[in-house]
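First up is the structure itself, then whatever we jot down about it.
Values quoted throughout were computed directly from the atomic coordinates according to the rules given, and no laboratory measurement underlies them. Values in this document were obtained by computation on a predicted structure and should not be read as measured data. When we count neighbours, we look across all protein chains shown, and the Cβ atoms used for this are built from the backbone with ideal geometry, even at glycine.
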Amino acid sequence: MNPLSRVLDDTLRRLQLTDAADEARAVMLWPEIVGPQLARISEPKTFHNGTLVVMVRSSSWNQELTFQKAGIVQKYRARMGKPFVRDLRFVVGKLGGLSVQETHAPPEAEVRRIRLSPEDLEEIRLASECDDPELGQAIRRALTHEAQIRQWRLKHGARECTQCGAAHRTPHSICPACRVDRVEGQGVLGDP
């Protein structure tokens, strides 16, 4: 019997969705990677060949983010566990409201106290099964922490995306990543 993570990886690879999932994750992680101040003045727009294109409010913010580019890319690498975001390109323009309005890093002590449901724990266990026990344990820790942060955010005012289930703090019913997908797919920006 194949572990769920292997079956999921194989299915995503066959459907060529792994890049799309990573692109959506890169967009969703932007506020967490750059912090609340930079998230208010910028928003990720598109992703192409390893480059995340980010709209910024002004040329001075463009310059500031350009100075921080290497550190931001490094944070993405650490957070995603692979060098998926290899470069950033900043473009000055009007923000369309896709960025998270206010993000606060949840207090680590509170996050650790959150107990996940048995179903969540089983899903994490299955997704983290692999031949390398150390890798499996690292994946389990990361997925558990992500699930705890999601629960914390939902308890503290975030809403659940009606499409993918991600916790987000926008006024829309769908998260920024799903909105970007909708914009790219339909050529318009709108709430369902």
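For the pair Ser173 and Ser59, the difference between a 0.36 nm per residue extended length and the Cα-Cα distance amounts to 37.9 nm. For segment 148-169, the residues whose amide N sits under 17 Å from a probe point set 7 Å from the Cα of Arg115 along the beta carbon direction are 148-149, 151-152.
Plugging the Kirkwood radius over Cα pairs into Stokes-Einstein for segment 43-140, at a temperature of 25 °C and a viscosity of 0.890 mPa s, what D comes out in µm²/s?
148 µm²/s
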